[in-house]
Each structure stands twice: as structure tokens, then as C-alpha cells.
């Protein structure tokens, strides 16, 4: 049978359609993403903007049409950081239900971290191998640690590429002082968690900031999941890309074919979060994964069945 999972994030909405059976996910039919900027203004106003209701609805209707084309039996839709924070999240979910007939489940930060982990680690791996999964979103960052059998810890930190951009970067390119303020804030938040154990694990990085960094480092003209999946992204490469972009305007960043318009204005903040994690945890590299929460939510559904 075919099922679909939709990850409604702060910056992007991702769709996965797959053939599944009791053994798991067998064949990926569609794996798409759009930058919908659900979380625009949420950090400052704690509300989803009225125009965002309709923008997100339109994207979800397109996804629903695609699901109908594949005769999808069940659509699983989950929301993350922006919906956790927005005061009008209930109103938004009711609107989406009325307009699209989709039920959105708002995940806790811990659940987001858990199912991102489950969806990201390789299916065939030793039961004793220790992994950590770093998921840098628009509103928050989740870090999970465990094996293919169990999770030993999962944390959600309120630093994300959209949240930090709206809080610190009012100009493009940002002032040096704003970059320093953002950097100190990132380190402050990360040092409240014990990230030293990451050095003892295979560190996987998921979501748009990480995959975009890999594409820029690979210098490929467009997203290529085969080249990006499993790519080793070094701390030196991340720092080099940051140095290259930090003095560039939004228009100049847009000239990079690997950076789409909906990510160009928040990519610098996302890169700084990656740099902060690698510095605080003292890890030399991250292995890139194109999977993540939408895969985990699908696995959760299969386990329920």
C-alpha cells in the first residue's frame, strides 16, 4: 500500500510518498519540499500571520492532489516548532482541516527529536552502533542520540535559522556586531546542553541547512540526493562557506544555484548553528542525510499497525 507523510516545519513543508508493507518502507514514490515560511513572524508576534494560513493551505492542497494521484491510503501530517510556539496554532490547524481535510498533529520537541532520529539512521546497522542526529530547522534544533534499538537522549533547543534571522539580522549582509550577538546567543543556548557525547557517535545532519551546505561544498548545480546522501561535511568546509557568505547580500547569495530564494535569507543563521554545534561538541565532521522526520513518522505508523 501507499502512504504519505507531511512534515510542516517553520521554513519548509516536506512530503514523502512511499510503498510500504510490514517489512518497512520499500519504494520511495515522491520526496518533495517547498519553502512555505510558516514561521514568518512567529518568534516576534507568537502568531501565524493571516496570509500564511492561505499560503500553506495552497501548498498542502497541491500535496494532497499528488497523494490522490498515487492512491495514497493514509496521509500523516505533523507540525513542529512554529506550531508549538504560535498562540493561534489551534485556529490554524482548524482552518487547514476545514480547507484540506488534513489533520495536523503538533509534535512536542522531544517527539520531533525522537522520530527525526528514527527516520534518519540507516535501516541496516549494528544494534550497538551509536548515532547522533542533528536536525536544524527554522524554529528549533533537535539533537538525538541512540542506537537502532533505542534512544538514550533527545533535546530540542529554541535556535533555528528563521528564528535567529528575525531576531538578529535586520540587514543584508548583516552588521559584524549582529553576527557576534547571534554567535554568542547560539553558544549560550548550546552550552546549556552536554554535547560532549557527540564525539563518541556517528553524527548525522538532516534538513535544509545541512543539505544546502553539502550541495555548495560539492559545487553541484542542483539538488542531487544520491551525491548528498552520506556526504561528509567537514568543520573546515562549513567555516569556509560561512566566511564566503557572511559579507554577501541576499541578491548575491541568490546567485548560488544550490541556495533557493526561500533559504537564501536565512542560510547564514543556519550555518552559524552548524558551526556552533561542531565547536561546542568538538566534532570534525557531520555525515549528511536527506531523510529525517517525514521518514520517522512513516515508520511510527507502520509500527502502530
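The values are calculated or read from the model by the stated rules, or taken from the named source; none is laboratory data. It should be emphasised that the depicted structure is a prediction, and the values quoted were computed from it without experimental measurement. Methodologically, a virtual Cβ is constructed for each residue, glycine included, from the backbone with ideal geometry; neighbour enumeration extends over all protein chains shown.
Quick look at the numbers
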| item | result |
| --- | --- |
| Hey, residue 217 in contact with a helix residue (DSSP H, G or I) (Cβ under 6 Å, 6 or more places away or on another chain) and either modelled with pLDDT of 95 or more or over 18 Å from residue 137 (Cα atoms) (or both) or not | yes |
| All positions within the range 32-54 that are surrounded by 15 or more Cβ atoms within 10 Å (Cβ to Cβ) and more than 14 Å from the chain's Cα centre (by Cα) | 40, 41, 42, 43, 47, 48, 49, 52, 53 |
| Residue match in the range 256-270 (condition: farther than 21 Å from residue 113 by Cβ, out of contact with any helix residue (DSSP H, G or I) (no Cβ under 7 Å at 6 or more places or on another chain) and not assigned by TED's automatic domain parsing to the domain that holds residue 132) | no |
| Filtered residues of the range 1-17 (kept if crowded, with 19+ Cβ neighbours inside 10 Å, in contact with a strand residue (DSSP E or B) (Cβ under 7 Å, 6 or more places away or on another chain) and not in a strand (DSSP E or B)) | 11 |
| Test for residue 24: is it more than 19 Å from residue 160 (Cα to Cα), at pLDDT below 85, surrounded by fewer than 19 Cβ atoms within 10 Å (Cβ to Cβ) and not assigned by TED's automatic domain parsing to the domain that holds residue 139 | yes |
